[in-house]
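The values are calculated or read from the model by the stated rules, or taken from the named source; none is laboratory data. Fair warning: this is a prediction, and the values are worked out from it, not measured in the lab. Every residue, glycine among them, receives a Cβ derived from its backbone with ideal geometry; neighbour counts consider all protein chains shown.
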């Protein structure tokens, strides 16, 4: 009888573990919702008090940053407790569309595009188009990830085989994280600056680049294997140090970390191209030297 009760309690505990990743996913969606609300409040406040608008925009950016943390913990906890489910993967992607797709576009519109350009102008319409394409590219990136996660082999259409250590294309959370880090670094609406149009155009170029990187086939480190080896203790020290730096210098540290992650895939690709080219040139030179020696003989 006692063994039966113990087995039943274990099953109950096991079912309870499945709720933990879903709780982080729900928190992710909730933070995305709050980010949208704060962005809209900031857009309204900009017409009255730009300082108050900056406070709301900063809240919206911080909500996206906290959502990235929830998204990371969601996957980590699911893998550690072995509670990964297909519905959990789909639910996580739907939450990501809201938090890292819709919320950043609303934030950028309220903070830059909508307050810098007159409605109906060419640059205003161009800004809407760029934000829409960012959302579409991010949604496509999530759909491709889900397909590759459920079908790990090479697809008939020629999709790249999945690699647990790397992502194919820039994940949407870091893309949204860079946008949030920029707003957190300077939350004052761009309309408050004399170069508002120039800054807004630069933001539009950055958003277009992020969209291209998301649908590209560049490799980005997934960081899933970090902390799983014998040196996990050192990872705790690193995380603690980074956490303290973020607490003290969040504007600079978060922006720096975002730039490093978003750019490392492109740098990695360019490095591989240059290395491969040099290797091919060395191989060609070696073949030529061997051929010349054989001719001389």
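In table form, for the structure just shown:
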| quantity | calculated |
| --- | --- |
| Residue match in the stretch 217-229 (condition: farther than 20 Å from residue 70 by Cα, modelled with pLDDT of 80 or more and part of a loop (DSSP other than H, G, I, E, B)) | yes |
| Filter pass, residue 71 being within 17 Å of residue 20 (Cβ to Cβ), touching a residue at least 60 places away in the same chain (Cβ under 8 Å) and buried (at least 18 other Cβ atoms within 10 Å of the Cβ) | yes |
| Selected residue (only one of 53, 45 is at negative phi and crowded, with 21+ Cβ neighbours inside 10 Å) | 53 |
| Checking residue 21 against (1) surrounded by fewer than 18 Cβ atoms within 10 Å (Cβ to Cβ); (2) in contact with a helix residue (DSSP H, G or I) (Cβ under 9 Å, 6 or more places away or on another chain); (3) at pLDDT below 85, the condition it does not meet | (1) |
| Cβ pairs under 8 Å, 6+ apart, first in the stretch 234-263 and on the phi < 0 side of the Ramachandran plot and surrounded by 14 or more Cβ atoms within 10 Å (Cβ to Cβ), second at pLDDT below 90 and not in a helix (DSSP H, G or I) | 261/220 |
| Residue satisfying all of: in the stretch 92-139; free of Cβ contacts under 8 Å to residues at least 12 places away in the same chain and not in a helix (DSSP H, G or I); surrounded by the most Cβ atoms within 10 Å (Cβ to Cβ) among these | 121 |
| Flag if residue 179 is closer than 14 Å to residue 65 by Cβ, surrounded by fewer than 15 Cβ atoms within 10 Å (Cβ to Cβ) and modelled with pLDDT of 85 or more | no |
| Close pairs from the stretch 75-89: first on the phi > 0 side of the Ramachandran plot and surrounded by fewer than 15 Cβ atoms within 10 Å (Cβ to Cβ), partner at pLDDT 75 or above and not in a helix (DSSP H, G or I), Cβ under 9 Å, at least 6 apart | none |
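Condition check ((1) within 18 Å of the chain's Cα centre (by Cα); (2) closer than 25 Å to residue 256 by Cα; (3) at pLDDT 95 or above) across all residues:
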residue	(1), (2), (3)
96	yes, yes, no
132	yes, no, yes
150	no, no, no
173	yes, yes, no
183	yes, yes, yes
196	no, yes, no
